[in-house]
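Below is a structure I'd like to ask you about.
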Amino acid sequence: MDPSVTRSLCVYVPGAAGLQIFPHRMRQDNEGYQDDGEQGSTLSQRQDLYDYPWDKSSLKSIPMDLTQFKELDDHASTVNVKNNVKKLVNVLLQKAHSDLEKVRAIWMWTCHHIEYDVEGYHNKVPSEATDALQSGKSACGGYAGLFEEMCSLAGIQCKQLSGFAKGFQYKPGKVFEGKTNHVWNAVYLEGRWHLLDNTWGSGCVDDSCSKFTFRYNEFYFLTHPALFINDHFPEDHSWQLLKQTLSLQQFERNVWYKSAFYSVGLTGTSTATSVIETENGKATVFIESHSPTLFLCKLNGANEHCFMNLQRNGMTLEVYPQEVGTHSLDIFAKPSRSKEENYSHVVEYSLVCQSVDKSFCLPKPLIQPVGPSWQSEEKGILGASPASPIVHTDDGRCVVTFTRSRDLDLFATLDSEASSTSEDLRRRHIWTTRQDAHVELKIQLPHAGTFALHIWAKKASDPGNSHCALSYLLSCPNKSVLWPVFPQSYTNWEDAFELVAPVAGVLPANRDVTFKLKLPGVDEVSVECGNSRRLTLSEDGFWEGTCSISGGPRVTVMISKNGSHSFWALLDYKVESH
């Protein structure tokens, strides 16, 4: 049988507290407890099937507060009885007082004491319940058989269900045919049937199914049927427990939302099919979340050709494959407040690209996500404008403004692997003006193309490195654009200073050039341009003057302050050579 275990970590998701347990009657036969027709629990008679699609109210088919199970879970997961199933069940049920708690205790024990038999899987060894208990290893048949037997001894109706599952080796678009590949269980509690899979609840195998790792997964305990159908398709369609059952073809087409998808707080996607076709070389996916969530994406295993924008209720992803054909798109996520470093694999698509959009190329250095979001605000970049993650500029110029939080140091870089301009010179195509908390970035692109604008920040009191707080994608198609750098600023340049003119870092030779700067606290300003030219302070607080540019390759603005007669370099310009 297919181990079909997920490769992502799940966390507890408490539901509503308060349970009312209903008594039930039972009958035993060779296949475990079956309905005897007296309870009104046959699937054909029941009127309590679940709606599809999921109503987003709960991950479970029974409202429960998982914290109330803590003592029972601790007890059940540590019971060490493996030689006798009756004795095992008796010990497990010592702390179980309701049918739900009995099922929970059996579930916890099997999930923590039976490992997946990877050798048996490859050798196609049949799995039996007795072997699972004695050896502590089994494939899905042994997991489900042992669970059914233990429930029978506990007086709980339980069935084994066989069908198709999207687990180990599953790829989007897979067609299921022939023999079924998985077995799981249904239990009868509180007047209705519920679904669970202790094989998948116990842990995971690696990509080659050569190693099993215990990794408890709460998601597959009494999973809401509208979610269980994402990856479990029963041979008997009625055991979907849905008012409107899905066909096998629908199951095959539907995207596989992995258990971590719901565990991290995601609720749905804009694309419900597992295979997506691009339109004009682009595919777009929106993922909805309950709360701010962090995402990663990979196209064919690489972090490229993807464009991600965060919203408080999710994420929009645009994908631009650079080759026609079929591609794999994997999306990973974790809650924004998670202390875990790793992201969980939440969904996978097969992307069919019939044409490539050559007009749009993402710079490889572009750091995701792109554009202002709740994340950039958390990192101290507030009210950023423009709000769009993409800035289109025909003349090669644009302005970005925002408010920075207190005690925040920042700088910006302009990145492009296709640019012949060096990294240091690209930085000089950004001019930063700070007025208290307000920050303005003026950008003049060195040439046409696409660039990644990255704003790096860290708290001044933090000894660590700066991190990327905000990214923009800058796009300029105008091939005539050829802006010079801004002037070189030195350490004497202060946040309160303002440069009005000239903003170009390269000045024309043999021309008169007007200088205008606001420099609070400065006593004198001199422009060294072959000769020394003093600027005068106007009534409105600007240092102004006109200088004749001649006699040298450089022009330097010098300042003197604090009553000193010494001058220090503030700005440096180059002069055009002829």
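Which condition from (1) in contact with a Gly (Cβ under 8 Å, 6 or more places away or on another chain); (2) charged (D, E, K, R); (3) within 26 Å of residue 326 (Cβ to Cβ) is the one that residue 235 breaks?
Residue 235 satisfies every listed condition except (3).
Yes/no matrix, rows are residues, columns are (1) touching a Lys or Arg at 6+ places or on another chain (Cβ under 6 Å); (2) at pLDDT below 95; (3) exposed (fewer than 15 other Cβ atoms within 10 Å of the Cβ):
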residue	(1), (2), (3)
297	no, no, no
308	no, no, no
311	no, yes, no
316	no, no, no
325	no, no, yes
337	no, yes, yes
348	no, no, no
358	no, yes, yes
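Of all strands (runs of 3 or more DSSP E) completely enclosed by region 209-312, which ones contain at least 1 residues that are closer than 20 Å to residue 57 by Cα?
Working: elements: 212-214, 232-234, 266-269, 275-277, 283-289, 293-299, 306-311.
Passing ranges, in order: 266-269, 283-289, 293-299.
OK, next. Provide a single number: the residues in region 146-162 that are under 20 Å from residue 126 (Cβ atoms) and out of contact with any Phe, Trp or Tyr (no Cβ under 9 Å at 6 or more places or on another chain).
Summing the residues that are under 20 Å from residue 126 (Cβ atoms) and out of contact with any Phe, Trp or Tyr (no Cβ under 9 Å at 6 or more places or on another chain) in region 146-162 gives 2.
Looking at region 206-223, can you tell me whether even one residue there is acidic (Asp, Glu) and under 23 Å from residue 105 (Cβ atoms)?
Checking region 206-223: at least one residue is acidic (Asp, Glu) and under 23 Å from residue 105 (Cβ atoms).
Collect the residues in region 119-172 that are of a type in the set (Val, Ile, Thr), in contact (Cβ under 8 Å) with a residue 60 or more places away in the chain and either in a strand (DSSP E or B) or over 28 Å from residue 98 (Cα atoms) (or both), keeping them in residue-number order.
Residues of region 119-172 that are of a type in the set (Val, Ile, Thr), as a first pass: 125, 130, 156.
When the remaining residues are screened for being in contact (Cβ under 8 Å) with a residue 60 or more places away in the chain, the result is 156.
If the condition is that a residue be of a type in the set (Val, Ile, Thr), in contact (Cβ under 8 Å) with a residue 60 or more places away in the chain and either in a strand (DSSP E or B) or over 28 Å from residue 98 (Cα atoms) (or both), then no residue fits.
Okay, next question. Taking region 319-343 only, how many residues are part of a strand (DSSP E or B), touching a helix residue (DSSP H, G or I) at 6+ places or on another chain (Cβ under 9 Å) and of a type in the set (Gly, Ala, Ser)?
Qualifying residue count for the region: 1.
Rundown of residues vs (1) crowded, with 18+ Cβ neighbours inside 10 Å; (2) in contact (Cβ under 8 Å) with a residue 40 or more places away in the chain, yes/no style:
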position: 419; (1), (2): yes, no
position: 423; (1), (2): no, no
position: 441; (1), (2): yes, yes
position: 444; (1), (2): yes, yes
position: 453; (1), (2): yes, yes
position: 463; (1), (2): no, no
position: 468; (1), (2): no, yes
position: 473; (1), (2): yes, yes
position: 485; (1), (2): yes, yes
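How do the pairs read when you match residues in region 552-563 that are assigned by TED's automatic domain parsing to the domain that holds residue 493 with residues anywhere that are among the aromatic types (Phe, Trp, Tyr) and in a loop (DSSP other than H, G, I, E, B), using Cβ under 6 Å and keeping only pairs 6 or more apart or on different chains?
558/567; 560/567
Here's another thing I want to ask about it. Would it be correct to say that residue 399 is under 20 Å from residue 305 (Cβ atoms) and of a type in the set (Val, Ile, Thr)? If you could, list the steps in order and put the result at the bottom.
On the way: under 20 Å from residue 305 (Cβ atoms): no; of a type in the set (Val, Ile, Thr): yes.
When the stated conditions are applied, residue 399 does not pass them.
Are any of the residues in region 86-106 under 24 Å from residue 211 (Cβ atoms) and modelled with pLDDT of 95 or more?
no
Next question, about the same structure. Out of region 379-417, which residues are of a type in the set (A, V, I, L, M) and either in contact with a strand residue (DSSP E or B) (Cβ under 6 Å, 6 or more places away or on another chain) or assigned by TED's automatic domain parsing to the domain that holds residue 504 (or both)?
Applying the first criterion (of a type in the set (A, V, I, L, M)) to region 379-417 yields 381-382, 384, 387, 390-391, 399-400, 408, 410, 412, 414.
If the condition is that a residue be of a type in the set (A, V, I, L, M) and either in contact with a strand residue (DSSP E or B) (Cβ under 6 Å, 6 or more places away or on another chain) or assigned by TED's automatic domain parsing to the domain that holds residue 504 (or both), then 381, 382, 384, 390, 391, 399, 400, 408, 410, 412, 414 are the ones that fit.
Then there is this: Just the residues that are touching a residue at least 12 places away in the same chain (Cβ under 8 Å) and surrounded by fewer than 15 Cβ atoms within 10 Å (Cβ to Cβ), please, taken from region 242-259.
Once the filter is applied, which keeps residues that are touching a residue at least 12 places away in the same chain (Cβ under 8 Å) and surrounded by fewer than 15 Cβ atoms within 10 Å (Cβ to Cβ), region 242-259 yields 243, 244.
Further question: Scan region 47-86 residue by residue and report those that are closer than 30 Å to residue 240 by Cα and without any contact (Cβ under 8 Å) to a residue 24 or more places away in the chain. I'd like the intermediate steps shown before the answer.
Of region 47-86, the ones closer than 30 Å to residue 240 by Cα are 47-70, 72-73, 76-77, 85.
If the condition is that a residue be closer than 30 Å to residue 240 by Cα and without any contact (Cβ under 8 Å) to a residue 24 or more places away in the chain, then 47, 57, 70 are the ones that fit.
Could you tell me whether any residue of region 273-287 is more than 23 Å from residue 143 (Cα to Cα), among the charged types (D, E, K, R), surrounded by fewer than 21 Cβ atoms within 10 Å (Cβ to Cβ) and in contact (Cβ under 8 Å) with a residue 12 or more places away in the chain?
Residues of region 273-287 more than 23 Å from residue 143 (Cα to Cα): 273-287.
If we keep only those that are among the charged types (D, E, K, R) too, we end up with 277, 279, 282.
Keeping just the survivors that are surrounded by fewer than 21 Cβ atoms within 10 Å (Cβ to Cβ) gives 277, 279, 282.
The next check asks that each one be in contact (Cβ under 8 Å) with a residue 12 or more places away in the chain; those that pass are 277, 282.
Looking through region 273-287, at least one residue is more than 23 Å from residue 143 (Cα to Cα), among the charged types (D, E, K, R), surrounded by fewer than 21 Cβ atoms within 10 Å (Cβ to Cβ) and in contact (Cβ under 8 Å) with a residue 12 or more places away in the chain.
Is it the case, given these coordinates, that residue 263 is in contact with a Cys (Cβ under 7 Å, 6 or more places away or on another chain) and small (Gly, Ala, Ser)? First the steps, then the outcome.
Details: in contact with a Cys (Cβ under 7 Å, 6 or more places away or on another chain): yes; small (Gly, Ala, Ser): yes.
In short, yes.
One residue is enough: does region 495-516 have a residue meeting the conditions among the hydroxyl-bearing types (Ser, Thr, Tyr), outside the structural domain of residue 448 (by TED's automatic domain parsing) and modelled with pLDDT under 95? Quick ask: steps written out before the conclusion?
Of the residues in region 495-516, the ones among the hydroxyl-bearing types (Ser, Thr, Tyr) are 514.
Narrowing the set further to residues that are outside the structural domain of residue 448 (by TED's automatic domain parsing) leaves 514.
Next, only the ones that are modelled with pLDDT under 95 stay: none.
Checking region 495-516: not a single residue is among the hydroxyl-bearing types (Ser, Thr, Tyr), outside the structural domain of residue 448 (by TED's automatic domain parsing) and modelled with pLDDT under 95.
Looking at 194, 232, 224 in this structure, which one is over 25 Å from the mean Cα position of the chain (by Cα), under 22 Å from residue 267 (Cβ atoms), at pLDDT 95 or above and buried (at least 22 other Cβ atoms within 10 Å of the Cβ)? Write out each step before concluding.
On the way: 232 fails: over 25 Å from the mean Cα position of the chain (by Cα); 224 fails: over 25 Å from the mean Cα position of the chain (by Cα).
Just a single option satisfies the conditions, and that option is 194.
Can you tell me which residues in region 111-125 are crowded, with 23+ Cβ neighbours inside 10 Å and of a type outside the set (Asp, Glu)?
The first filter runs over region 111-125 and keeps only residues crowded, with 23+ Cβ neighbours inside 10 Å, leaving 111, 114, 116-117.
Correct list: 111, 114, 116.
Those residues that are in a strand (DSSP E or B) and in contact with a helix residue (DSSP H, G or I) (Cβ under 7 Å, 6 or more places away or on another chain), I need them from region 197-208; list them, please.
205
Would you tally the residues in region 423-449 being farther than 16 Å from residue 380 by Cβ and either touching a Cys at 6+ places or on another chain (Cβ under 6 Å) or outside any strand (DSSP E or B) (or both)?
Qualifying residue count, region 423-449: 12.
The values are calculated or read from the model by the stated rules, or taken from the named source; none is laboratory data. Note that the structure is a prediction, hence the values are computed from the model and not measured. For neighbour counting, all protein chains shown are included, and Cβ atoms are generated from backbone atoms with ideal geometry for every residue, glycine included.
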